[in-house]
Amino acid sequence: MSTTETANHVVENTVPVPDPEVLKSWLRDMLQIREFEVRSMQAYQNKLAGGFLHVYNGQEAVAVGCIAAMRHTDPVITAYRDHGHALARGLDPKIGFAELFGRIDGCAKGKGGSMHFFDRNNSMFGGHGIVGAQCPLGTGLAFATKYTDEVIKGGTSDSVTACFLGDGALNQGSVHEAMNLAVIFDLPIVFCVENNRYAMGTAVDRCTASGNQITNRALAFGMESRTIDGMDIIEVYREMKGIINQVRATTKPFFVDIDTYRFKGHSMSDPRKYRTHEEEQEYEADDPIEKLTRYLLALKAMTEEEIKSLSKQVRHEIREAVNWASQSPVPDVSELHHDVYADTWGDYTGTSLPRYMKPATDEDATSGEASNGS
Amino acid sequence: MSTTETANHVVENTVPVPDPEVLKSWLRDMLQIREFEVRSMQAYQNKLAGGFLHVYNGQEAVAVGCIAAMRHTDPVITAYRDHGHALARGLDPKIGFAELFGRIDGCAKGKGGSMHFFDRNNSMFGGHGIVGAQCPLGTGLAFATKYTDEVIKGGTSDSVTACFLGDGALNQGSVHEAMNLAVIFDLPIVFCVENNRYAMGTAVDRCTASGNQITNRALAFGMESRTIDGMDIIEVYREMKGIINQVRATTKPFFVDIDTYRFKGHSMSDPRKYRTHEEEQEYEADDPIEKLTRYLLALKAMTEEEIKSLSKQVRHEIREAVNWASQSPVPDVSELHHDVYADTWGDYTGTSLPRYMKPATDEDATSGEASNGS
Amino acid sequence: MAREIEFREALREAMSEEMRADPRVYLIGEEVADYNGAYKVSKGMLEEFGPRRIIDTPISESGFAGLGIGSTMLGLRPIVEFMSWSFSLVAADQILNNAPKMLYMSGGQFGCPIVFRGNDGAGGQLGSTHSWCVESLYANVPGLKMIIPSNPHDAKGLLKSAIRDDNPVFCLESERLLSIKGDVPEGDYVVPIGKATIHREGTDCTLVGFGRTVYFCEQAADQLAREGISCEILDMRSIRPLDMEAIIRSVKKTNYCVVVDQSWSFASIGSEVAAEVHAACFDDLDNHVHRVHNDDVPAPYSHDLEQEMLPNARKICEAVRSVTYNA
Amino acid sequence: MAREIEFREALREAMSEEMRADPRVYLIGEEVADYNGAYKVSKGMLEEFGPRRIIDTPISESGFAGLGIGSTMLGLRPIVEFMSWSFSLVAADQILNNAPKMLYMSGGQFGCPIVFRGNDGAGGQLGSTHSWCVESLYANVPGLKMIIPSNPHDAKGLLKSAIRDDNPVFCLESERLLSIKGDVPEGDYVVPIGKATIHREGTDCTLVGFGRTVYFCEQAADQLAREGISCEILDMRSIRPLDMEAIIRSVKKTNYCVVVDQSWSFASIGSEVAAEVHAACFDDLDNHVHRVHNDDVPAPYSHDLEQEMLPNARKICEAVRSVTYNA
Ligand SMILES: Cc1ncc(C[n+]2csc(CCOP(=O)(O)OP(=O)(O)O)c2C)c(N)n1
Ligand SMILES: Cc1ncc(C[n+]2csc(CCOP(=O)(O)OP(=O)(O)O)c2C)c(N)n1
Ligand SMILES: [Mg+2]
Ligand SMILES: [Mg+2]
């Protein structure tokens, strides 16, 4: 499919299907994300979480497949629907829940919430709330890896940035500016459009003109592009692997239109009147997790029992994570004036890394306030 | 040429070359603009004009040709390089110079200056200083004519808006947002890119990625587009006539890449080190005014003598306009707080039309301040 | 004849009544039509007025704000909804350069009768990018008017005035107030832009607030009343023009003043009011004007931190006690 | 060893010295490389540092401002030039949401060491869209620092501090000052951010100014000296953090204060200083703080109108006379 839909020249896809062990780990990752979201929605109902909650159900193959095709040091950045990317990148679910619950042990000390999952050690650069605004930032990440490799280290560019955005984000001017800059500066970045068909209640065709081909938005800048099936993790991985290898070699940007579907509402307050139940069922039948499960069973790489125990295992881990997070203290009020400025002046008390990132040793030293949470 | 370069389907161009009388009036209009700019530069040297001055020399065929293809009631909007469009639209040169000199008789009472030539009676909507910012406004003009014709009057859409922008403006996000909106809402607007090869000191290829085809920027939105030669006023007119007829009938937006050249520097302070003298001479040899002159001579529609007397006549008119404008009073200080709000409160004294637009009768009535200039 | 309706219904009535009366008025924004508005303010308006006048847009704030402004140049009178004023930053150039200056730049040729409206201020745990109080940024700009209603009655009356105003009017609504109910007259009436109102009479100290902070002032005033301090609560309602006369009248009566502003303190509406009150009441004030603001930090997500950040009743009480200690 | 150089050369020296010392620093903006800068501030830097570190951009302020911010997340330290701060409005979301809040949103994971710099304020007859004084809008936002140097010495010293600062710093330069000359030490020195300076000693009234207005204050002080009024001129230099201690010290000495701010008056730096001086010097002030601002109108093009709009010496003299009438 992808090759036929390639907007520019065809990249031969010689990427092999990975070993069953790898596929199993993907299944595990997707199950973890799904379960994390199920528990997130529960927590939201129980008022353990607040603000806006945008869940990733149905799109798991995109984050897991794309990130599997990258190196762990390759930067990843996305919008507010960010739980899947952070977990796929290796964020410990208990740190994620702590953030969701607004607790001091969260990746952002409870200051960011659902929309701001940052995880520096796993090259996860957020988690951004303003539609499209992560795209200029993403070009900055690609610029920085290239500049560091070539200008500072005097070597050759060796990293690729994945910048995820929604179909609706394609209508923000800053996204176009970012794409133009990526081409002009030869930046090693892949713009991964998670085309889940809707921007809140707006179907993609209603507000996103593109001559019925979203990849035309890349053609505008002479940027290479492709459309791929985001419900099939094996295709996502194989296509992205080829694309990322190419971008690493050429340092030229690439645009991917990844077809997927948002199983749930836009956020917790969305009645989904704008689409039919039939449509939802049709896509749910295409569930990326079930698809990989069927594949593994057909391969005889896993048995029904192994599948069951795997998801049991994941459910257990997630339940434990929820419990752990709900025990984490809420941030002390002194946190209000911490992390505003890097230095200390006036009421501002400087900054420190979140607990989970700090070697036990300097913990006491650098974040007095952060630790005496109520 | 144009047809071969059409990005989408080919529009047959059956528009005839107009009668010599019409061509003569175009020559006159282009000569008027050229002379206006020559005098503007002089005035700037003599400190009669200040601020930023962006002249139109070399691009005359674009404004005159496009506007000749429109109805007088069709809205026109452009950026800060706006003298040509305003004059082509019928602004009296003496009102233009008065504005340039910061005098009360200017089209904006001396409050706008070179970058803000507005002229409501001639459907000229400015004159805008922020690169690209006129494009969302332009879609608003097209929206308004369509809304008024269809929703308020219950008839059919009957106007077409011409929104002019520079090649450099193509990199402002708001321009992309405007193009998407124009397609989504079926707005009768033509985006006329005056591709004069440079944005200040930046050659178009250096910063504007488009796969070497600026019309690809329209393809991104499934918008029809075409490239035309902006140095040949007859081609500009014939192509634009066909395009505007089509847009009036379909109310679907169109994008035109008009190749032209900025004979002078970006503004008065530009040494033009970024391009060669040879390049400038090459384009100057393609002067749109000389081209039309040669054509009229070949047609025997005009004699050398008639040409001479015509330009003599224009030079005279412009000299008179400069003299008239330099006699116009500078705005009274009371003008500072006039035209800020439409109503009167605090220090604000309401608003009134510029002198030249007012029937003599209500002049005294509505703009006391405006008239007692020093 | 008045009856109790929600703040969001009052806004809807204002828009609907004006749209019935004037075909030049239309509503445009994200999810305002099919979806009935992200916060249901425009619920049912698509049904009544149809898709030509209730218009859904792409996520292109700069684009559709500019489109609205452009359409005023040909006589239309748009209402542009920002799902949140937090999202208006991507449209800052259009709303701050074009709308408020068009009349001036064009020497009186083109006015800009447009209303920009939407949620402003902290919602519930929305975090730093979604909790903007833009009033202190945008109110600095001449050429625009700004209203911040605190109750359904004023919301309908002020919004109707805004839609009829020939200048750009920024209407800031608090998501926290959309569901509160209040008496609202049926049919046509307006609340004039530029007139403050005394929300509660008092004798010992003037509390100057607007929008959501009026409720914080109420809570504080109730507490302080028990302590024997009688507070007069003034609701500014309009930020630009600002009704300084009303504020001065009250301060000359109480001789003490605390300004409660939900935006950050530096170069804010709170500093403006404090500076002007000192200028006008230099000999009447028995203590300097105290100010209560949001803490000077980005909005945190965590519930308790957010509550602590707000210009809440506790902070107001502390300010009033310390300003009136010498009474 | 100091010698006389232009303001623009001082800025260039600051950038060049820091770039030589730290390979993570780069300069990006419109026309900064090949064209040597629209105002020649970066003249010759392309030659020395090459196109990888002196980078021309398309007219995409939101794009390249965001690119700069993103690059700080991986340790780079960009200097982003806005040809004019008037053009930063199209990048408002990136510079006000992302840069100042990244550290907070990420719970301390990602700071944002970036400098945004360019022309601010009225140039010569540039009209309303090109004459922005953004200081009173942007200074409202916590998480950023802001400096407005008034002379070549401070320009170099403050900009060097800004480039080394681990927070986003907005550096506002007046096009009207770029060509003025002053003594500037060769080589390395810094002027700390957050420290004001007494520009001229005086006894009767404190004039608080910053950037270009310091010169208006000088003209006024010369005139007033002839009338027997001795003015102390304080140059704020930094807007955020603001050195209130220095201002208070001076006002406690003179007992009179006039703030001169080139931005619009409403919710401005001028109102902030006035409010804070009243709060800190309530018993020391012999009259309320007077404020001199740009007239509250969009910037007109016409030469005489623009001159009249500015917070010029005439207006300052009038303010000082009326504030000290009871001295
Ligand atoms: C500039 C801006 N405008 C509006 C919003 C409100 N908003 C949040 S998400 C969203 C829809 C985005 O849809 P899409 O880009 O397709 O991402 P998805 O939610 O489908 O993942 C909108 C309108 C915002 N956050 N930022
Ligand atoms: C948003 C913005 N950024 C920068 C500028 C400064 N500027 C004015 S004109 C110009 C170049 C525009 O080039 P182009 O669009 O090709 O128009 P041309 O001058 O060639 O007619 C620039 C960078 C501006 N006015 N607005
Ligand atoms: Mg979507
Ligand atoms: Mg150009």
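Tabulated data
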read-out: Set of aspartates and glutamates with alpha-carbon distance to A:Lys358 below 14 Å, sequence-local pairs under 8 removed; value: A:Asp105, A:Asp119
read-out: Label-reachable residues, segment B:260-286, where backbone N falls under 13 Å from a point 7 Å from B:Arg294's Cα toward its Cβ; value: B:282-286
read-out: Cα extents of segment C:197-305 along the three principal axes, largest first (Å); value: 42, 33, 24
read-out: Nitroxide proxy distance, nm - points 7 Å out along Cα→Cβ at A:Glu306 and C:Lys252; value: 8.7 nm
read-out: Members of B:Lys111/C:Lys195; C:Lys252/C:Lys315; B:Lys94/B:Lys308; C:Lys43/C:Lys181 lying beyond 26 Å, as alpha-carbon distances in this model show; value: B:Lys111/C:Lys195
read-out: C:Asp22-B:Asn121 pseudo-label distance in nm [points 7 Å out on the Cα-to-Cβ vector]; value: 2.7 nm
read-out: Percentage relative contact order, chain B, counting C-alpha pairs under 8 Å, at least six apart; value: 22 percent
read-out: Convex hull per residue volume in Å³, alpha carbons only, for segment B:44-100; value: 85 Å³
read-out: Charge dipole (debye, nearest 20) of segment A:108-236; +1 at Cβ of Lys and Arg, -1 at Cβ of Asp and Glu; value: 480 debye
read-out: GNM flexibility winner over chain A from A:Val17, A:Val160, A:Val322 (Cα, springs under 10 Å); value: A:Val17
read-out: FRET efficiency for B:Asn13 and B:Ala285, using Cβ-Cβ distance with R0 set to 22 Å, rounded to 0.05; value: 0.25
read-out: Simple label model, 7 Å out from Cα along Cβ direction - B:Val333 to B:Thr156, nm; value: 5.9 nm
read-out: Relative contact order computed over segment A:192-268 (Cα-Cα under 8 Å; 6+ residues apart), in percent; value: 48 percent
read-out: Net length gained if the chain between C:Glu201 and C:Asp188 were fully extended (0.36 nm per residue, minus Cα distance); value: 1.9 nm
read-out: Length-normalised contact order of segment D:1-112 in % [C-alpha pairs under 8 Å, at least 6 apart]; value: 24 percent
read-out: Under 16 Å from A:Lys241, Cα to Cα: aspartates and glutamates that are on another chain or at least 8 residues apart; value: A:Glu12, A:Asp19, A:Asp74, A:Asp158, A:Glu224, A:Asp229, A:Asp232, A:Asp257
read-out: Pseudo-label separations to other copies for B:Thr344 - Cα-to-Cβ vector, 7 Å, nm; value: 6.0
read-out: Across the identical copies, how the C:Arg249 labels are spaced - nm, sorted shortest first, 7 Å along Cα→Cβ; value: 4.5
read-out: Positive minus negative residues near A:Ser159 (Lys, Arg vs Asp, Glu; Cβ under 9 Å); value: 0
read-out: Lys, Arg +1 and Asp, Glu -1 on Cβ, resulting dipole of the protein assembly as shown about Cα centre, debye, nearest 20; value: 500 debye
read-out: Span from the segment D:97-148 Cα centroid across to the segment A:293-354 one, whole angstrom; value: 34 Å
read-out: Axis-nearest residue of B (beta carbon) for the B-onto-A rotation, whole Å; value: B:Gly173, 1
read-out: Sorted peptide list for B:297-306, C:88-97, C:288-297, criterion being average Cβ within 10 angstrom, highest first; value: C:88-97, C:288-297, B:297-306
read-out: Cα-based radius of gyration of the protein assembly as shown once divided by 2.2 N^0.38 Å, which approximates compact folds; value: 0.90
read-out: By average C-beta atoms within 10 angstrom, highest first, the peptides D:204-214, D:62-72; value: D:62-72, D:204-214
read-out: For B:Glu278, label point 7 Å along C-beta direction: distances to other copies, nm; value: 6.8
read-out: At R0 = 45 Å, FRET efficiency that the Cβ-Cβ distance of A:Val38 and A:Asp186 yields, to 0.05; value: 0.60
read-out: Helix runs (DSSP H) in chain A reaching 24 Å along axis by Cα, Kyte-Doolittle at least -1.0; value: A:20-45, A:233-250
read-out: Environment charge at A:Arg197 (Cβ cut-off 11 Å; Lys +1, Arg +1, Asp -1, Glu -1); value: -3
read-out: Nearest-0.05 FRET efficiency for D:Asp283 and D:Glu227, computed from C-beta distance (R0 30 Å); value: 0.60
read-out: Extent along principal axes [Cα atoms of chain C; Å; largest to smallest]; value: 61, 42, 42
read-out: Cα-based convex hull, segment C:1-87, per residue volume (Å³, whole number); value: 101 Å³
read-out: GNM top mover of C:Ser84, C:Ser16, C:Ser302 - chain C, alpha-carbon springs below 10 Å; value: C:Ser302
read-out: Gained length - A:Arg315 relative to A:Asn46, 0.36 nm times residue gap less alpha-carbon distance; value: 95.0 nm
read-out: Cα centre as origin, Lys/Arg/Asp/Glu Cβ charges: segment C:268-327 dipole, Debye; value: 160 debye
read-out: For residues of A:203-213, the mean tally of beta carbons on other chains within 10 Å; value: 5
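A short reminder: the numbers here are calculations on the coordinates, not readings from a lab. The model shown is predicted, which means the values in this text are computed figures rather than measured ones. With ideal geometry, Cβ positions are generated from the backbone for all residues, glycine too; neighbour counts draw on all protein chains shown.
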